[in-house]
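Reading through the structure tokens given below for one structure.
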Amino acid sequence: MAHYILEPFKIKSVEAMPVTTRDARVQFMREAGYNIFHLPSRAVTIDFLTDSGTSAMSDHQWAGIMEGDEAYAGSRNYYHLRDVVKDIFGFDLFVPTHQGRGAEQVLFSIVTGPGKTIPNNTHFDTTRANIEARGAAARDLVIPEGLAPTNRHPFKGNMDVAALEKLIQQVGVANIPLAMTTITNNAVGGQPVSIANIRATKELLARYQIPFYIDACRYAENCYFIQQREPGYRDKSIKEIARELFSYADGFTMSAKKDGLVNIGGLLATRDPALFEQIQNRLILTEGFPTYGGLARRDLEALARGLVEATDEKYLAYRTGQVAYLAERLLESGVPIVEPPGGHAVFLDAKRFLPHIPQTQFPAQALTVALYLEGGIRAVEIGGVMFAQKDAATGNVTYPMLELVRLAIPRRVYTQSHLDYVAEVITKVYETRESVRGLKMVYEQARLRHFTARFVSTN
Ligand code: P61
């Protein structure tokens, strides 16, 4: 039997949850063009679209909202955030941004351009898009185990350091303004990266004098996995692990909507004073003055408090335990998932779930539709819709290795009985999987097409 870790909090405020009929869901889905991004939230019972910006804030964070000092420059909330960033990450030079892609936009508009290449263990879609939008190339270099859904490697998110060295030699140091590692590695299943791998990546990059940046949105979950799984870290606190991990970085971007436990916000930090000057100038142009960076000052206070709360081990044990519980329940029913589960989400393996649907008919997208129709659950496709690459010259489409459906669990929002309901709905869909049909895409945009694409059923 799957084991559930007690929630380390009580509920002080509740929000009504929409419950719909199957007929209503069929209608909603048709109107949404079989794309869950077009569903109004009033049509969704359990919303697992994302763990980003969907957390429940604590009473302490809400109290901080009331203590917002809405000064344009030099707000006391900014100084509080500055102290917390220094304490957890060890960085002096940082700016807040409105969210993760705000940080990406500012950084990449300065360092990338045509002919440049940015390597990463795996870029998430907005990171890739922000690089490609500037004519640069985004390269994914995760270890092979990361792409094998049932391989139980403890750090499946790791960078393939040998492949990184090969890439550097191929494209040349001058064309790589920086290299990144994303923790946890979202696109391959929320899989952690070991501190040994971070250290090895840093050592290699230092030899070539290439700066090393971390995409840090789920850094606390990653540090918890290091504590639990990596030899030598069991007795270290999350903060100690974070301080060591970030000591190898020359900078980081962070969507604070994840392990910042806030509904909006981001961070961009660097150790390079000359680059920091450019960052501040660019920030003023697009986000805001450096002591607020596109956020209300009350948001900075909530973030300063959220960052600290996310390093609490009781919270992280519950958080990763909740994800593991749902994964365990699904495995007990024979449902194919990415193993072991990651830190923020359970990923269904749509290739094994729906082997009768070819990749040209978007099996993972078809599965998200089926989950919604069966139980009002909104999950997100991470497969061919999001990541297929079309060759501009030949029109040939290359599909990604993995066709996944991500059930991203918002932090501190759902209880054990919600997860039990989800497990029952998915088991039912699995038992009747032969009836699920593929989809045909009838509308798409050139970039980030998954947000707006529309489909029809191949029925
Ligand atoms: C997510 F459906 N992630 O996982 P921003 N880096 C990484 C992320 O995971 C990430 C960002 C940078 C989201 C939100 C999301 O197609 C989608 O604060 C590793 O969202 O700008 C965001 O941070 C960007 C959901 C993003 C999507 C794109 O759910």
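Values in this text are rule-based calculations from the coordinates and carry no lab data. No experiment lies behind these values; they were computed from the predicted model shown. Reconstructed Cβ throughout: ideal geometry from the backbone, glycine too, with neighbour counts over all protein chains shown.
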Toward the positive end of the charge dipole of the range 59-309, about the Cα centre and with charges on Cβ (Lys, Arg +1; Asp, Glu -1), which of ASN77, PHE276, PHE212 goes farthest? PHE212
From DSSP H assignment alone, runs of 4+ in the chain each adding -39500 (n - 2.57), the sum over residues rounded to the nearest 500 puts [θ] at 222 nm at -12000 deg cm²/dmol
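If I take R0 = 22 Å and measure r between the Cβ atoms of THR394 and LYS440 in this structure, what FRET efficiency does the formula 1/(1 + (r/R0)^6) give, to the nearest 0.05?
On the way: r = 21 Å, r/R0 = 0.96.
Here the calculated transfer efficiency is 0.55.
Counting DSSP beta bridges with both partners in the chain, what percentage is antiparallel, nearest 5? Don't jump to the answer; show the numbers that get you there.
On the way: 27 of 40 bridges.
Antiparallel bridges: around 70 percent, rounded to the nearest 5.
Got the relative contact order for the chain handy, in percent, Cα pairs under 8 Å and 6 or more residues apart? Walk me through the numbers on the way to the answer.
Numbers: 954 pairs, mean separation 106.7, N = 459.
Relative contact order comes out at 23 percent.
To check you understand DSSP bridge types, tell me what percent of the beta bridges within the range 59-309 (both residues inside) are antiparallel, rounded to 5.
On the way: 12 of 23 bridges.
The antiparallel fraction comes to roughly 50 percent.
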For LYS236, which lysines qualify as cross-link partners when the Cα separation must be under 19 Å and same-chain residues fewer than eight apart are set aside? LYS86, LYS314
Give the cross-link partners of LYS116 among the lysines, using a straight C-alpha distance below 24 Å as the criterion and excluding same-chain residues fewer than 8 apart. LYS166, LYS202, LYS390
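Let me check I've understood the local charge: for ARG229, count other residues with C-beta under 13 angstrom from its C-beta, Lys and Arg +1, Asp and Glu -1. What total comes out? Kindly include the intermediate steps, with their values, before the conclusion.
Numbers: positive: ARG152, LYS156, ARG234, LYS236; negative: GLU221, GLU230.
After counting each charged neighbour, the total is +2.
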Within the set of other residues whose C-beta is less than 15 Å from the C-beta of VAL106, count the net charge using Lys and Arg as +1 and Asp and Glu as -1. -2
At what distance in angstrom do the alpha carbon centres of the range 340-394 and the range 128-186 lie from each other? 22
Whole-Å distance, taken between Cα centres, linking the range 227-276 and the range 72-111: 12
Mind checking which aspartates and glutamates have their C-alpha under 14 Å from LYS428, skipping anything on the same chain fewer than 8 residues away? GLU332, GLU374, ASP420
Provide the net charge surrounding TYR443, with neighbours chosen by a C-beta distance below 11 Å and charges set as Lys +1, Arg +1, Asp -1, Glu -1. +2
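Can you give me the relative contact order of the range 349-399 as a percent, contacts being Cα pairs under 8 Å and 6 or more apart?
Numbers: 46 pairs, mean separation 13.5, N = 51.
Computed value for the range 349-399: 27 percent relative contact order.
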